[in-house]
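I have placed the structure first, in the form of structure tokens, so that the comments after it can refer back to it.
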Amino acid sequence: MAACPSLRPHVFKTSPLLLKFMAMLLGLALALWLFVWAWQKLDRPDLAQWWRAVPMWVWAAATATWACTFILRAIRLRQEWQWKRHISLRTALHVVLLHNSAALLMPLRSGELGYPLLVRKVFDASWPESLRSLLWLRFQDAVVLGFLALLFWPFAPPVAAALIAAPVLIALLASRQYLEKLVLACRGRVEWFGLLWHGRDRPTGWLLSLGNWLLKIAVVALLLQVILQESISLGMQASVSAALGGEIAALLPIQGPASLGTYETGVWLFSGLPLEQAPLLGMAALLVHLFCLGISLLLALLMAAVDGPAFWRAPNEKNRVDPIQN
């Protein structure tokens with residue numbers, strides 16, 4: 001005998017859209033909770049004293065400048081995928097902030113896998129296209145940071161570093177066709193260009209990457225300079241080198257969430273300071289690191305709260321309308 005319909009248990013179906021959005025908000029909320037917990041475990045009197053030593057307008061300027069780095073990255077993302085689909089700057093900013101949060105919070109940089117997932121959602125890209133784009137953007141960042149390291153390495157003569165870095169910069173800004181002709185003229189092979197060089201990339205992609213890193217390094221260097229002005233004689237050259245070292249260390253594949261510890265070690269190694277001053281510099285670098293981490297996660301949380309439902313509601317169809325309009 002068939003069961004009576006009235007006796008069947010009622011099953012509540014939850015929208016996949018709601019589950020994705022709630023999972024994203026839960027992850028960001030957990031990250032902020034971990035940030036507050038770590039803050040409570042630190043030597044807060046010294047950190048609070050350093051925090052008060054920095055004028056509020058400096059913190060505000062650092063926040064605005066740090067936010068501008070995400071805008072530059074969003075512009076680069078739009079340029080990277082404009083051949084596939086045109087999106088608004090707001091949508092690109094959403095992708096950049098979510099990808100950055102995943103890269104920060106997950107260990108061993110496993111959060112980088114969020115990039116192919118997001119670009120497949122937004123641009124209808126294939127897995128090979130998504131992974132190649134990720135590798136290309138990270139290759140750009142690594143080369144730009146290497147170029148800056150040549151210029152600001154504390155133990156390298158500035159003239160020698162400039163002579164080495166100048167040809168590298170010229171080669172990067174040159175067109176692919178010119179580089180292939182140069183390789184052929186030197187009796188080289190150009191097949192490897194197809195594996196490494198991005199056929200759709202423009203020189204502006206390198207400039208946007210350079211601008212992003214220069215702004216980030218400027219923020220960290222300025223904050224270190226202001227925080228340690230009464231403790232350590234840290235000149236501007238050493239501050240810039242220290243900030244650069246932290247960013248380079250943050251790109252290493254083996255590290256914990258948010259590069260905590262790795263970042264501070266890179267700051268000290270590139271600062272050129274003796275080992276006796278490493279603890280003091282490390283604490284100041286940790287304060288700056290937590291500030292930048294908090295701003296990044298807060299921006300991602302705000303973007304997710306404002307545009308999250310519209311972003312995840314977009315259908316998985318080609319040539320669809322941008323879910324988030326400016």
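Test of the criteria: in region 48-106, which chymotrypsin sites (Phe, Trp or Tyr not before Pro) are in a DSSP loop and have at most 16 other Cβ atoms within 10 angstrom of their Cβ?
Passing both the DSSP loop test and the Cβ count: Trp83.
Please compute the length gained on full extension between Trp59 and Arg138, using 0.36 nm multiplied by the number of residues separating them and subtracting their Cα-Cα distance.
25.6 nm
What spacing in nm lies between the two simple spin-label points modelled at Gln82 and Leu117, each 7 Å away from Cα in the Cβ direction?
Computed distance between label sites Gln82 and Leu117 equals 2.9 nm.
What list of ³J(HN,Hα) values in whole Hz, one per residue of region 207-213 in order, does the Karplus curve 6.51 cos²θ - 1.76 cosθ + 1.60 (θ = phi - 60°) give from phi, with Gly and Pro shown as x?
Ordered by residue, 3J(HN,Hα) equals 5, 5, 5, 4, x, 4, 6 Hz.
Amide H to amide H, which residues 5 or more places from Asp124 or on other chains are under 5 Å from it, using H placed in the peptide plane?
Residues meeting the criterion, in which the H sits 1.01 Å from N, do not exist here.
I'd like the Karplus ³J(HN,Hα) series for region 81-95: coefficients 6.51, -1.76, 1.60, θ = phi - 60°, whole numbers in Hz, and an x wherever there's a Gly or Pro.
With coefficients 6.51, -1.76 and 1.60, one gets 10, 5, 5, 9, 6, 8, 10, 6, 4, 5, 5, 4, 5, 4, 4 Hz.
Rule-based calculations on the coordinates, nothing more; no lab input. Because the structure is a prediction, the values reported are computed rather than measured. Every residue, glycine among them, receives a Cβ derived from its backbone with ideal geometry; neighbour counts consider all protein chains shown.
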